[in-house]
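Down below is the structure, laid out as structure tokens.
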Amino acid sequence: IKEREKEVKKSAEAAQELVNTRVMAQKLSITLRSRPKENFWLRAVACTVVTSSLYRNLMLFIVLVDCVVIAMRVSMDKESVALLALHIVFLLFYSLETVLKFIAYRKKFFKHWDYVLDALLVVVGLFHFGFPDADAISFLYAFRPLRVLTRTSSTKVILESTFSVMPKIY
């Protein structure tokens, strides 16, 4: 009887795992049959990470600390090595975030303007890191604090409303 209970428990766990996998697939609007199995696990992990509240809170904290570092860099006359190191660390975090979101959402990635803005800021940051004397790139990189506004749903709605009304005004 105990062996039968163990078998039933194992099959129940396997069924629950299958249900969880299918729920994840429905979240991503895909079917398990439409994607190769070797890529699905990576996408499922990326989606789990990107949608977790711990990840969102960590990235919000990183963005806020980055805003403080930006303010410190602007207020100082000469560059500090520590601030430059922090700039590199933040750029690595943002790059990883962009890659994870791209893996998780694929084509849907480009339907979210805030994801595209984040990706653009990562590209600008990489270019700015390679060419620090380019003033035009420095100007574009000043939009990094906008990442804070795109993190919360209320400010995101305000920004979307503002951008949708702008063409009608002009």
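The values are calculated or read from the model by the stated rules, or taken from the named source; none is laboratory data. Small disclaimer: the values here were computed from a predicted structure and weren't measured. With ideal geometry, Cβ positions are generated from the backbone for all residues, glycine too; neighbour counts draw on all protein chains shown. Protein only, heavy atoms only, side chains kept; ligands, DNA and RNA dropped before computing areas. Shrake-Rupley method; radii C 1.70, N 1.55, O 1.52, S 1.80 Å.
Checking Tyr55 against (1) among the aromatic types (Phe, Trp, Tyr); (2) open to solvent by 80 Å² or more (accessible area, probe 1.4 Å); (3) under 10 Å from the mean Cα position of the chain (by Cα): exactly one of these is not met. Which one?
(2)
Report, by residue number, each residue of the range 39-64 that is without any contact (Cβ under 8 Å) to a residue 24 or more places away in the chain and either under 26 Å from Ala82 (Cβ atoms) or assigned to a helix (DSSP H, G or I) (or both). Outline the logic, then answer.
As a first pass, look at the range 39-64 and keep what is without any contact (Cβ under 8 Å) to a residue 24 or more places away in the chain: 39-41, 44-45, 52-55, 57-58, 61.
Correct list: Asn39, Phe40, Trp41, Ala44, Val45, Ser53, Leu54, Tyr55, Asn57, Leu58, Phe61.
Go through the residues of the range 65-88 one by one and say whether even a single one is in a loop (DSSP other than H, G, I, E, B) and either modelled with pLDDT of 85 or more or in contact with a Pro (Cβ under 7 Å, 6 or more places away or on another chain) (or both). Quick ask: steps written out before the conclusion?
First, the residues of the range 65-88 that are in a loop (DSSP other than H, G, I, E, B): 76-80.
Applying the additional criterion that residues be either modelled with pLDDT of 85 or more or in contact with a Pro (Cβ under 7 Å, 6 or more places away or on another chain) (or both) yields none.
Scanning the range 65-88 turns up no residue that is in a loop (DSSP other than H, G, I, E, B) and either modelled with pLDDT of 85 or more or in contact with a Pro (Cβ under 7 Å, 6 or more places away or on another chain) (or both).
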